[in-house]
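K.L.:
Starting off with a structure, shown below.
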Amino acid sequence: MADRVAELENELARVCAERDELARRLKEADRYRTAVNIAQVPMMCVSAIEGRYLFANEAFARIIGWTVDEILSGDAYHIWVTVTHPDDLEVERRAIERLARGEADVARHEKRLIHKNGEVRWYVAHVTALRLPDGRLEAIIVQFTDVHEQREAAEVRERLEAELRQKQKLEALGKLAGGVAHDFNNRLVIIMGYTELLKRSLPEGGTLAQHADMVLTSAQRAAELTHQLLAYSRRQVLMPQAFDLNETVDRMRRLLERLIGEDIQLVTSLAAEHRIFGDPGQIEQVILNLALNARDAMPNGGKLTLETSDVSLDADNSEGLPEGDYVTLVVRDTGTGIPESVLPHIFEPFFTTKATGKGTGLGLATVDGIVHQSGGSIRVESRVGEGTAFTIRLPRARANAPAAEQASPAPLPEPTMRSRNFETVLVCDDDDGVRKLVSDLLVFRGYRVLEASNGRQALELAARHGEAIDLLVTDVVMPEMGGNELARKLKERHPRLRVLYISGYSDDASLLSAPLEPGTFFLPKPFLPADLTRAVCSILEAPNRAQLADRID
Ligand SMILES: Nc1ncnc2c1ncn2[C@@H]1O[C@H](COP(=O)(O)OP(=O)(O)OP(=O)(O)O)[C@@H](O)[C@H]1O
Ligand SMILES: [Mg+2]
């Protein structure tokens, strides 16, 4: 009996010790649970077998806007698809499948969690597998780190980098286009010039004259293309002046209505009170290109709206424009809209979604070139199925800027085509073919011609010549010394010198930023022989230089 008692006492002591150990462990577990519950790191554990949450801490409950009770009593799958951004479900599903297949014990991926209030934030999910002794997945523990700010900053950086790459790409394309167009224009001057001369020596109306005409027509088409390329590359010579954009829109009304057809309604709302400073012909081109695109986007009719208004932008405007006063032009349509995948490309040269032969893809490239070269900006907003709006800002003219009438006074008088010309013309162009053609044409008309292939040579020739030089006909962009500088230096010695720039291309801001000085004229390349001789004759014949037009079209 005594043995039995001793045995029971031992047993009791063992049970007590076991109980104390259990109580100790329980207390310890409680401490861990509390630690997990109050931890600031969002954490939860999901049973892979029962499909429910085994635990979730306050921090986790907070980031999804649920209560811990709601989480623990809910269906794990349902909660998962509710709080996970739909675009991230697949990534996470694959990560957990890898854990389930035993291919990994931990996983790490980025995902967005949706808060009950709708807010979406980025987190990194650190997933750890808990396994049964036989290796099957029992549960997963997931911790979250908030990476929303980093992720957003990275996205902004990526977007800026992409924009920069795009900008650099377009700049390179612009340079290429400008260079090609410049060279092409010189070739076209020669093709058009000599074909025209050839034609004059052929029997009128004959087959050969017709062939010559076809060459000329073709060259003129090519000239239109080079013109667009130059506009795109922001290298064309602009003739800016102060003018009223509302008047331009009004004047274009009939033309636009005819272009867009009867099914499209044209609405204008012209609220701008200030004039803009730009090249009127080029701004018309902008409006025309945008209206044509709008028409093409509304094959079943719709509404085209043109709006103008005044706006002042501060230094940190989102359009990258200098602080100042602008006029806004909005061209809005109710057409097809532009899909997101297409939108980043619309300003690229030769980008078109239109059928071959329907569009060259140069419309918006030209618009973009003109607007930026004019010191403005362009923005586009579009919704598929609803329509598109292009918003353009153009610099406002200073109050004392010359008005359109003053900037281009009376047109040049028609020359009388005297039988004998006696003035001296200095021709400077680095392109041998162009220089020879221009000289030939002028010699043929009886002028005394001096030829130089660069600025230095031109100055030397002028110095050696000793007598008066009446007109300088010069290219604008030449190596070493540009036409502008040459003209300035020559004028120091020959103050009565008149200047005719022949160019299709400019890299000289001084020629672009202001109307040409009196006595200075511009003839765009390519031109026909008759254009050149008419320009030269009228400049030299005009009685009062100071009152001359500063522009020859
Ligand atoms: N208002 C608009 N609505 C819908 N899509 C437009 C609109 N404007 C431009 N786009 C899209 O942008 C592309 C480029 O336009 P862009 O004017 O440069 O070239 P294009 O009209 O295709 O050809 P081009 O103007 O040289 O005849 C178009 O092909 C079209 O997909
Ligand atoms: Mg177009």
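Computed from the coordinates by the stated procedures, all read-outs in this text should not be read as laboratory data. Bear in mind the structure is a predicted one, so any value in this text is a computation, not a measurement. Positions of Cβ are generated from backbone atoms using ideal geometry, with glycine treated the same way; all protein chains shown enter the neighbour counts.
K.L.:
Please compute the modelled spin-label separation between residue 28 and residue 350, points set 7 Å along Cα→Cβ, answer in nm with one decimal.
P.N.:
Here the answer is 7.5 nm between the modelled labels.
K.L.:
When only Cα pairs under 8 Å and 6 or more residues apart are kept, what is the percent relative contact order across the chain?
P.N.:
It rounds to 11 percent for the chain.
K.L.:
Could I ask something else about it? Need one word for region 219-313: rounded, prolate or oblate. Basis is the Cα gyration tensor (sqrt eigenvalues a ≥ b ≥ c); a/c below 1.5 gives rounded, then a/b vs b/c decides.
P.N.:
Oblate shape, in that a/c is at least 1.5 and b/c is the bigger or equal ratio.
K.L.:
Counting only DSSP beta bridges with both residues in the chain, tell me the antiparallel percent, nearest 5.
P.N.:
On the way: 56 of 82 bridges.
Bridges in the chain that DSSP calls antiparallel: roughly 70 percent.
K.L.:
Hey, another quick one. Give the cross-link partners of residue 167 among the aspartates and glutamates, using a straight C-alpha distance below 17 Å as the criterion and excluding same-chain residues fewer than 8 apart.
P.N.:
Result set, ordered by chain and number: 158, 319, 348, 368.
K.L.:
Dividing the convex hull volume of the alpha carbon atoms of region 150-281 by its residue count, what do you get in Å³ per residue? Working shown, then result.
P.N.:
Numbers: hull volume 30.2 nm³, N = 132.
Taking only Cα atoms, region 150-281 has a hull volume of 229 Å³ per residue.
K.L.:
For a quick protection proxy, order the peptides 46-52, 32-38 by their average other-Cβ count within 10 Å, most packed first.
P.N.:
Result, highest mean first: 46-52, 32-38.
K.L.:
Here's another thing I want to ask about it. Which value does Rg/Rh take for region 39-146 over its C-alpha atoms, Rh per Kirkwood?
P.N.:
My calculation puts Rg/Rh at 0.94.
K.L.:
Among the lysines, select those whose C-alpha is under 17 Å from the C-alpha of residue 354, and discard any that sit fewer than 8 residues away in the same chain.
P.N.:
Straight-line reach from residue 354, under 17 Å: no lysines qualify.
K.L.:
Moving to a separate point now. Mind ranking 351-360, 435-444 by how tightly packed they are, going by the mean number of other C-beta atoms within 10 angstrom, highest first?
P.N.:
Working: 351-360: 12.1, 435-444: 19.2.
Per-residue Cβ counts within 10 Å, averaged per peptide and sorted highest first, yield 435-444, 351-360.
K.L.:
Further question on the same structure: Mind checking which lysines have their C-alpha under 30 Å from residue 436, skipping anything on the same chain fewer than 8 residues away?
P.N.:
Correct list for residue 436: 175, 199, 489, 491, 525.
K.L.:
Rank by packing, highest mean first: peptides 149-158, 65-74, with packing defined as the count of other Cβ atoms within 10 Å averaged across residues.
P.N.:
So the peptides 149-158, 65-74, ranked by packing, come out 65-74, 149-158.
K.L.:
How big is the C-alpha Rg of the chain next to the rule-of-thumb value 2.2 N^0.38 Å, as a ratio?
P.N.:
Ratio of Cα Rg to 2.2 N^0.38 Å: 1.59.
K.L.:
Next up: List the pair-distance distribution P(r) of region 212-370, using every Cα-Cα distance, as the percent of pairs falling in each 5 Å bin from 0 up to the bin containing the longest distance, rounded to whole percents.
P.N.:
2, 8, 14, 18, 20, 19, 12, 5, 2, 1, 0, 0
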